[in-house]
Amino acid sequence: MRERDLPYAGRMALELSSLRLLVACVSEGTITDAAIEAGLSQAAASRAIAALEKELGTRLLRRGPRGVVPTPAGNRVVVQARRVLAEVGALRTVASTDSGTLRVGYAWAAFGGHTDGIRKRWLAEHPGTRLELVHVNSRTAGLAEGVVDMAVLRVPVDERFDSVEIGRERRFAAVPADDPLARRRSLSLTDLTGRVVVADPESSTTTAALWPPGSVTMRRISDMEEWLDEIASGGAVGTTAEATVARHPRRGVAYRLLRDAPAIPVVLAWWRDDARDDDRALVDIASEHYSGRSPSADRTPEGAPRQ
C-alpha cells in the first residue's frame, strides 16, 4: 500500500491537505476527480473527507449518482477553507520574497554617518539580497516584534538575542540653538544639570543615571520628531548618540559634543535561534565602516555643525 493511500486513522483530519481536497471536491463535482487532482486514490480521498466531517462534527458533502454537492454547512466551510488556503499561499509568497531581503531595524538613526556607505557596499557585494532599513521605535527596533531580521541597537540586549558590537559612538548634547550653551564648542554633563531632559525610555540611551540623583528632570517623549520639537522650542535639552547628529540635523537644535560622557556601544542583534549567513556579512561590513578600515568608510566630523 502506498503512503498516500494510508488511512487517516490516528491523524488530525483538519489539515491543509484535507481542506484542499474538500475545495477540490466542490470545484470538480466528484470525489474521484478531486482525488486525481490531489494524487490520491478514490478510496483514500473518501476516507479523508469522512475524517474531516467527523472532525468538524457535521456532514459537508452529499453523495449522489452524479457526484457530490456541498451541504449548507459544507458551503460555509468551503468559503472559509478558501480563505485559509489563500492566506497560506500569501504566507509562502512572503517567505519566498523575504529570502531575498535582509530587513534591519533601527529606532533613531540607523548607522548614522556610515549608513549610506554601508548600503552602497552591501549592494556592491550582495546584489542578490536587498538591504532594507526599517524604522521601528521600540527597544529592540522591531526585532522582538518579528518585523525585522536584525536590528542596530544602542541599548542593552537581552538573552533572547545574539549580538556583536560593531563600533562605538560619542555622545552629544542637543540644546536649543539660541541657548547660551550653543555658543560653546563642547559641553560636559554637568552643564545640563538643573535642566529638563527629554528622552524616550523605550529606545533612548539617555537616562537619569548619567547625572547625580536629582540633578535633572526627565521628561518622556514618544519619538524623534517630538524630541526635536521639544528641544527646538526651548523647553528642554537632550543627549544622543553621534548617529543622530549625522542623520537628523534640525533648524533650532544645536548638537555639541559631551566631552566627559561615556561612549555608546553600537551593536547588531538577531534572534539567537535564527542566524543567517547575511547576518555575519553585515556585521563585517558595518564593523569595517565604524573602524575606518573600509575603503569607502564615511568620516564623521570632529565637531558638530553650529546651528
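Quick note: the coordinates plus some simple rules give every number you see, no bench work behind them. Nothing here was measured: the structure is a model prediction, and the numbers come from that model. In this analysis, Cβ positions are derived from the backbone assuming ideal geometry, glycine residues included, and neighbour counts consider all displayed protein chains.
Data table
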read-out	value
Rounded Å value of the spacing that divides the Cα centres of segment 187-201 and segment 207-255	8 Å
Estimated distance in nm for a label pair at Ser215 and Asn75, the labels positioned 7 Å out from Cα along Cα-to-Cβ	7.5 nm
Val253 long-range amide H proximity, modeled H, under 5 Å	Ala177
Whole-Hz couplings from phi, Karplus 6.51/-1.76/1.60, listed for segment 187-198; x for Gly and Pro	9, 10, 4, 5, 5, 9, 5, x, 9, 7, 10, 9
Mean Cα-pair separation over length for segment 171-258, i.e. relative contact order, pairs under 8 Å, 6 or more apart, %	51 percent
Length added when fully stretched, Glu87-Arg251, from 0.36 nm per residue minus Cα-Cα	54.4 nm
Interchain or long-range residues, amide H under 5 Å from Arg195's placed H	Thr217
For the chain, built as a Gaussian network whose Cα springs stay under 10 Å, the top-fluctuating residue of Gly67, Gly235, Gly194	Gly67
Calculated P(r) of segment 148-307 - Cα pairs past 21 Å, %	50 percent
Rough spin-label spacing in nm, given labels placed 7 Å along Cα→Cβ, for Glu55 and Ala275	3.8 nm
Prolate/oblate/rounded label for segment 171-258 (Cα gyration tensor, a/c 1.5)	rounded
Rel. contact order, % - alpha carbon contacts under 8 angstrom, at least six apart, the chain	19 percent
³J(HN,Hα), Karplus 6.51/-1.76/1.60, whole Hz, each residue of segment 104-112, x for Gly, Pro	10, x, 8, 8, 10, 9, 6, 9, x
Span-rule helices in the chain, defined as complete DSSP H runs reaching 30 Å or more along the axis (Cα) with Kyte mean at least -1.0	72-98
In nm, spacing of pseudo-spin labels at Asn137 and Arg293 (7 Å Cα→C-beta vector)	3.6 nm
Contour minus Cα-Cα distance for Gln42 and Thr190 (0.36 nm per residue)	45.1 nm
For the chain, convex hull of alpha carbons as volume per residue, Å³	199 Å³
Residues whose placed amide H lies under 5 Å from that of Val134, excluding near-sequence neighbours	Val104, Gly105, Tyr106
